[in-house]
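The values are calculated or read from the model by the stated rules, or taken from the named source; none is laboratory data. Predicted, not measured: the structure shown is a model, and the values here were computed from it. No Cβ is skipped: glycine too gets one built from the backbone with ideal geometry, and neighbour counts run over all protein chains shown. Protein only, heavy atoms only, side chains kept; ligands, DNA and RNA dropped before computing areas. Shrake-Rupley method; radii C 1.70, N 1.55, O 1.52, S 1.80 Å.
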Amino acid sequence: MKKPIHLRVFALFLFVIALNSCKKYDDGPMVSLMSRRSRLINEWKIDSYKINGTDFTSLVSGYTETFKKDDSYSYSWGILSGSGTWKFQNNAEQVKLSGNDDQSSRTLFLTKLENDALWYYFIIGSDKHEMHLISK
């Protein structure tokens with residue numbers, strides 16, 4: 001016996017709502033078969049950099065970041081470089097970066113985490129720094 005059409009439409013509606021609630025980051029993805037950890041572990045290069053909405057991408061050309069399986073983190077930009085460790089926090093909505101010997105730390109607020117795209121922002125003082133990185 002076939003179910004009435006209104007029950008099938010209602011079931012589809014509930015499925016779409018449930019699927020949308022699974023979305024972790026504002027800019028996606030909706031669903032991923034890869035874990036957040038495996039998506040983050042990568043070599044990344046700068047695609048876009050903004051401070052308070054103003055584009056400063058041209059000033060940071062050549063900037064790269066690397067997240068490794070052993071929870072190590074590094075960045076490089078011309079003659080400047082650094083390293084430390086990383087870990088997810090706040091239900092994987094943030095990444096905490098800690099420098100070597102606890103010299104410094106920064107919290108990245110993730111807005112997109114895909115195989116080939118990492119978007120986040122961080123705050124320094126009252127300035128919002130937005131980074132869009134792509135797979136290297």
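List of remarks:
- When residues of the stretch 33-66 are limited to those that are of a type in the set (Ser, Thr, Tyr), touching a strand residue (DSSP E or B) at 6+ places or on another chain (Cβ under 9 Å) and in a loop (DSSP other than H, G, I, E, B), the one farthest from residue 97 (Cα to Cα): 61
- Residue count for the stretch 90-120, restricted to those that are over 18 Å from residue 35 (Cα atoms) and in contact with a Ser or Thr (Cβ under 7 Å, 6 or more places away or on another chain): 5.
- Close pairs from the stretch 42-64: first on the phi < 0 side of the Ramachandran plot and at pLDDT 95 or above, partner in a strand (DSSP E or B) and among the basic types (Lys, Arg), Cβ under 9 Å, at least 6 apart: 50/128; 51/128; 56/50; 57/50; 63/45; 64/45
- Residue identified as within 18 Å of residue 37 (Cα to Cα), free of Cβ contacts under 8 Å to residues at least 40 places away in the same chain and not in a strand (DSSP E or B) among 87, 69: 69
- Residues located in the stretch 92-118, provided they are in contact (Cβ under 8 Å) with a residue 60 or more places away in the chain and open to solvent by 60 Å² or more (accessible area, probe 1.4 Å): 93, 115
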